[in-house]
């Protein structure tokens, strides 16, 4: 579905590297893999998350190292505000907290989540305009999430 979603956009590339990893994989390991094998040590790497994930980022595997290894860009989501610096300071240095807050994208707050899309499909409701058309057709033709 990722390939279908970005098929018409040359700025995106889909990797299956994580699928071949034994056991659980962690974001930090993925970032390290791309830094050492594909992008190089000086590449600027960005990891996109939703605002709901920023509040729990401190519980992620070696989270402080992850913040140093890439730039985490957080997209605003309805119902979620950026956690205050004091909250993030439980896990991160002041410089890391500042970096996390500096890369919060305040764009339009669109309330679309994967769990909601799957629930709509299960209920027989339309997901048109919520996912790329090729992805919608793929889900429908294969009876996914029913």
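If we count other beta carbons within 10 Å of each Cβ, what is the order of 120, 142, 115, fewest first?
With the fewest neighbours first, 120, 142, 115 line up as 115, 142, 120.
Relative contact order, percent, of the range 16-146 when contacts are C-alpha pairs under 8 Å separated by at least 6 residues?
19
Please rank 1, 51, fewest neighbouring Cβ atoms within 10 Å first, as an exposure proxy.
1, 51
As an exercise, use a Förster radius of 25 Å and the Cβ-Cβ distance of residue 112 and residue 33 to find the FRET efficiency, rounded to the nearest 0.05.
0.30
Could you work out how far apart the two model spin labels at residue 140 and residue 126 are, taking each label as a point 7 Å from the Cα in the direction of the beta carbon, and quote it in nm?
Once both label points are built, they end up 1.0 nm from each other.
Please report 71, 30, 36 as a ranked list, fewest other C-beta atoms within 10 angstrom at the top and most at the bottom.
By the 10 Å Cβ count, ascending: 36, 71, 30.
Do the sum for the chain: with -39,500 (n - 2.57) for every DSSP H run of n ≥ 4, divided by all residues, what is the mean residue ellipticity at 222 nm, to the nearest 500 deg cm²/dmol?
Computed ellipticity for the chain at 222 nm equals -9500 deg cm²/dmol.
Where in the range 68-86 does the label zone of residue 42 land, with the point 7 angstrom along Cα→C-beta and an amide N cut-off under 19 Å?
Residues 69-71 fall inside that zone.
Where a number appears in this text, it was derived from the coordinates with a stated rule and is not lab data. Keep in mind that this is a model prediction, so the values were computed, not measured. With ideal geometry, Cβ positions are generated from the backbone for all residues, glycine too; neighbour counts draw on all protein chains shown.
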